[in-house]
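Remarks on the structure that follows.
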Amino acid sequence: MKTIDPPLQKITIGGLTLAFRESGTPGKPVMILLHGLAETSAFFWRPLIASFNDDYHIFAFDLLGHGDSDKPDEGYGTHRQTWLIKQAVEALGITPAVYVGHSMGGIFSTYMAVRWPEHVSRLILYDTPLPDSPRKNLKTIVRYAPLKSSLMFTPLILPFILRMVFSSIPFFRTTMKLALITWRIPYHTHLLNHEYMAEAERHSPYALFENAQSVVLKTNLIQELQRLNVPTLIIVGDNDLMVPVAEARQYVRLIHNAELVVVPNAGHVSLLDNPEVFNSAVKSFLEKT
């Protein structure tokens with residue numbers, strides 16, 4: 001039986017159109033979901049939406065360059081992506097809100113909470129590798145990246161050549177699947193079904209590589225974490241190579257009023273790997289006064 005996702009809606013901000021899916025209960029507290037790199041507002045949030053539909057008014061966005069949002073040839077920096085979300089939620093009148101961000105979406109959610117804290121009532125960082133200086137980011141990639149997936153990071157060095165190659169040949173899908181497996185994105189590899197891969201491919205190659213470049217080479221949130229004064233939950237999978245538990249513990253030490261939950265038998269998509277533990281942790285966090 002095919003799962004029916006919330007209907008697609010769109011809003012235009014500064015000449016760019018962002019797609020989003022609205023669900024849950026109007027009048028309840030607002031929850032905003034920001035997906036990770038090469039993801040969409042559909043599929044990747046289903047277990048969370050199903051669990052929180054009754055208690056929250058939920059808005060899941062397709063980030064610029066992903067899913068059904070516009071896909072320009074440039075303009076995917078962290079500040080611009082977050083500014084577009086800020087403008088969209090203001091136009092929709094859905095602020096403040098609980099922000100749940102996965103990976104890159106967690107980076108944008110943290111950026112929002114630091115720059116515009118009035119928009120964020122609570123922050124949930126789901127398998128989010130918070131960027132440090134470019135040198136430290138690259139050192140972390142070298143330290144933790146499986147050798148077989150390192151090809152995915154070469155566009156950081158030769159972006160203008162390699163992004164064209166990757167976007168023009170079928171080899172891209174094979175490389176993506178190899179990277180998902182070797183990085184332990186899903187700990188349970190049976191999740192890499194046709195729908196997962198189809199949704200993961202609904203992005204612009206420009207968005208994929210420019211977002212990665214912006215996060216790794218141009219964004220430093222570690223130096224700003226002491227300014228973060230929003231109650232924060234950090235959730236990581238115990239087998240997440242992109243956010244090792246030791247790194248997550250360091251985030252907790254740097255953020256005022258933060259706590260950590262480690263999800264067992266989970267990789268970089270711990271919500272999909274172990275939805276019961278994930279949703280229970282989120283519920284417990286949100287129920288605290």
State which residue is surrounded by the most Cβ atoms within 10 Å (Cβ to Cβ) when the search covers only segment 267-289 and only residues that are among the small types (Gly, Ala, Ser) and over 19 Å from the mean Cα position of the chain (by Cα). 280
Got a number for residues in segment 244-254 being more than 24 Å from residue 44 (Cβ to Cβ) and either over 19 Å from the mean Cα position of the chain (by Cα) or of a type outside the set (Val, Ile, Thr) (or both)? 5
How many residues does segment 176-189 contain that are modelled with pLDDT under 95, under 21 Å from residue 238 (Cβ atoms) and not charged (D, E, K, R)? 7
Which numbered condition in (1) part of a helix (DSSP H, G or I); (2) among the small types (Gly, Ala, Ser); (3) within 27 Å of residue 113 (Cβ to Cβ) is the only one that residue 198 fails? (3)
Some residue of segment 10-25 being among the β-branched types (Val, Ile, Thr), over 25 Å from residue 251 (Cβ atoms) and in contact with a helix residue (DSSP H, G or I) (Cβ under 6 Å, 6 or more places away or on another chain): yes
In segment 219-230, is there at least one residue being polar (S, T, N, Q), part of a loop (DSSP other than H, G, I, E, B) and surrounded by 18 or more Cβ atoms within 10 Å (Cβ to Cβ)? yes
Any chance you could count how many residues in segment 100-128 are under 11 Å from the mean Cα position of the chain (by Cα) and among the aromatic types (Phe, Trp, Tyr)? 2
Please go through (1) buried (at least 18 other Cβ atoms within 10 Å of the Cβ); (2) assigned to a loop (DSSP other than H, G, I, E, B) for residue 214 and return the number of the only condition it doesn't satisfy. (2)
State all residues of segment 7-57 that are modelled with pLDDT under 95 and touching a strand residue (DSSP E or B) at 6+ places or on another chain (Cβ under 6 Å); if no residue qualifies, say none. 38
Among the helices (runs of 4 or more DSSP H) lying completely within segment 38-140, list those that include at least 1 residues that are under 22 Å from residue 249 (Cα atoms) and of a type outside the set (A, V, I, L, M). 104-115
So which of 255, 235 is surrounded by 19 or more Cβ atoms within 10 Å (Cβ to Cβ), more than 30 Å from residue 173 (Cα to Cα) and aliphatic (A, V, I, L, M)? 255
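The values are calculated or read from the model by the stated rules, or taken from the named source; none is laboratory data. Quantities reported herein were computed from a predicted structural model and do not represent experimental measurements. A quick note on method: Cβ atoms are made from the backbone with ideal geometry, for glycine too, and the neighbour counts reach across all protein chains shown.
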